[in-house]
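Notes follow the structure.
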Amino acid sequence: MSVVLSVVSAVFWGLLVLSLLVFVHEGGHYLAARACGVRVTEFFLGLPCPVKLSHKSREYGTEIGVTPVLLGGYTRICGMEGEQDELLAPALACVQRHGRVEVSALAAELGCDADRAYALVATLTDWAAIRPYYDESRGERRGQKDWPAAFETLRRDASLRTEYDRGHDFAGEGVTDYGQPRAIPGSADRFLQRERSHTYLGCGFWKRFAMLVAGPLVNIVVALVLVMTMLTAVGITVATGSNVVGGITPGSFAEAAGLQVGDRITKVGEVQTPDWQTLSDALDAPLAAGRDFTLTYERDGQATTVTIDVKDGAQAQYLGIYEETQAMRMGLGQAFMQSIAYARMVGEFAARLVMPQHTMEVLNTSSSIVGISVMASEAASTSAADLISVVAAISMSLGFMNLLPIPPLDGGKVLIEVVQVVIRRQLSMKAQAAVSYVGLAFFMFVFVVVLRNDIMRFVIG
């Protein structure tokens, strides 16, 4: 029964911690996209699922909620998928002109096949420029795996802003509802460029860069705040350096001699031991030589001398006592510097993963979701402070790992953006997908190795 409870606890805490941290990560992407004026249609805790609990923001149009598949989170930023096509502008204009149009009719009007027409409306839907229309009379419903037969216009205000655009006003005149025809001013190409400006693809390099790195940076900032909070509010455990016993090892010489926590050891033989360093030095010689020696300690103001019985000629390394420790709280400035030092250490460790000569070394000391779940469960059962420390460590690692230049991680996407700036053209989706497959293969290898290590460490023992 205890094994079952341990597994349930590990699963619960693992899912809770990882889901919240991924949600925070996606929150960084969401906030950056909104700040850059990019449309965001969904922001969820949990992976995509037809069953969900959500609320649609009246101010931003974003559907915000939670799904039962608590294995992370996701943000749908418009314009991160789809390729350019010279028929996008006439396709958008066609939908605007009709209000609602079947894809077959759109294909006929544009003079292309149905597959291309569906690719066009899929891209425009991803841009939140139009939306699918689900006809219940045809048995269509939201959440179905394939696209419906028709697509329709979005609700727009007098200035043609949608619910996803900053500053929209649906209280005034000139508002058209979903599925209503709406004339566009100027040319179809100009209107398409206006819609594209509200997407990831329509942003310049620095805005794209900000949206990509915002997620990892939020994880790192959250970790820094948690670490600083722990250092200032709880403190860190430091050795006092005194000659007071802080702990006793079961079955040790110290336990056999009757020593207790709180005893102050004043002499080893005839050597005075006013602090821990002199005490440690005084113990080295008799233990290494394997000879009996006397030890004097004070307890409740009374001095007692005992003989430590060491097996003759047998070397011993430890008496079996621990140094006394105490919690030391740091000032804000010192805590900040310590947090930065910790972040630098984690960042350097993560960077070693992509160095071939250090890859296996890093993997052998890393944890998968199994190890993370076990550590989170153990920390939660110990204290809130331990749990916060584990959450900070995971958040920090998650942030730096996502900054690695490996597609499809955020750092890999930044790398693709840099390459596109250098070559002065956009890589095709096929080329980006090929690079992503290589990155996925690498991370599948990483996943298998760390999962195997965790199973050996935590399951098999």
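Which one of these does Gly204 not meet: (1) under 27 Å from Ala35 (Cα atoms); (2) in contact (Cβ under 8 Å) with a residue 40 or more places away in the chain?
It fails just one condition, (2).
This table checks each residue for (1) touching a Lys or Arg at 6+ places or on another chain (Cβ under 9 Å); (2) within 23 Å of Cys203 (Cβ to Cβ); (3) not in a strand (DSSP E or B).
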| site | (1), (2), (3) |
| --- | --- |
| Val22 | no, no, yes |
| Tyr30 | no, yes, yes |
| Ala33 | yes, yes, yes |
| Gly37 | yes, yes, yes |
| Leu47 | no, no, yes |
| Ser54 | no, no, no |
| Gly65 | yes, no, no |
| Leu71 | no, no, yes |
| Gly79 | yes, yes, yes |
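What number of residues in region 212-253 are within 16 Å of Leu21 (Cβ to Cβ), among the hydrophobic types (A, V, I, L, M, F, W, C) and surrounded by 15 or more Cβ atoms within 10 Å (Cβ to Cβ)?
Going through region 212-253 one residue at a time, the tally reaches 10.
Can you report the number of residues in region 415-449 which are in contact with a helix residue (DSSP H, G or I) (Cβ under 6 Å, 6 or more places away or on another chain), aliphatic (A, V, I, L, M) and under 26 Å from Met360 (Cβ atoms)?
Going through region 415-449 one residue at a time, the tally reaches 1.
Taking strands (runs of 3 or more DSSP E) that fall entirely within region 291-394, which contain at least 1 residues that are more than 19 Å from Asp281 (Cα to Cα) and of a type in the set (Asp, Glu)?
Those strands (runs of 3 or more DSSP E) span 293-299.
Tell me which residues, restricted to region 179-208, are open to solvent by 50 Å² or more (accessible area, probe 1.4 Å), in a helix (DSSP H, G or I) and among the aliphatic types (A, V, I, L, M).
none
Can you find a residue in region 135-146 that is under 20 Å from Ala89 (Cβ atoms), without any contact (Cβ under 8 Å) to a residue 60 or more places away in the chain and either surrounded by 13 or more Cβ atoms within 10 Å (Cβ to Cβ) or basic (Lys, Arg) (or both)?
No, there is no match, as no residue in region 135-146 is under 20 Å from Ala89 (Cβ atoms), without any contact (Cβ under 8 Å) to a residue 60 or more places away in the chain and either surrounded by 13 or more Cβ atoms within 10 Å (Cβ to Cβ) or basic (Lys, Arg) (or both).
Of the residues that sit in region 63-120 and are crowded, with 18+ Cβ neighbours inside 10 Å and among the β-branched types (Val, Ile, Thr), which one is farthest from Ser436 (Cα to Cα)?
Looking at the filtered set, the residue picked out is Val101.
Across region 27-52, what is the total count of residues that are under 21 Å from Arg166 (Cα atoms), of a type outside the set (A, V, I, L, M, F, W, C) and surrounded by fewer than 21 Cβ atoms within 10 Å (Cβ to Cβ)?
Total meeting the criteria: 5.
Within region 305-344, can you find the residues that are open to solvent by less than 40 Å² (accessible area, probe 1.4 Å) and either aromatic (Phe, Trp, Tyr) or under 22 Å from Thr249 (Cβ atoms) (or both)?
Val306, Ile308, Val310, Ala314, Ala316, Leu319, Gly320, Ile321
Going by what's in this entry, would Thr176 be described as surrounded by fewer than 20 Cβ atoms within 10 Å (Cβ to Cβ), touching a residue at least 12 places away in the same chain (Cβ under 8 Å), of a type in the set (S, T, N, Q) and more than 30 Å from Val421 (Cα to Cα)?
Judged against the criteria, Thr176 is a match.
Being free of Cβ contacts under 8 Å to residues at least 40 places away in the same chain and either open to solvent by 30 Å² or more (accessible area, probe 1.4 Å) or touching a Ser or Thr at 6+ places or on another chain (Cβ under 9 Å) (or both) is the filter here; which residues of region 361-373 pass it?
Glu361, Thr365
The values are calculated or read from the model by the stated rules, or taken from the named source; none is laboratory data. Note that the structure is predicted; figures quoted are calculated from it, not measured. Methodologically, a virtual Cβ is constructed for each residue, glycine included, from the backbone with ideal geometry; neighbour enumeration extends over all protein chains shown. These area figures cover heavy atoms from the full protein model, side chains too; ligands, DNA and RNA do not enter into them. Shrake-Rupley method; radii C 1.70, N 1.55, O 1.52, S 1.80 Å.
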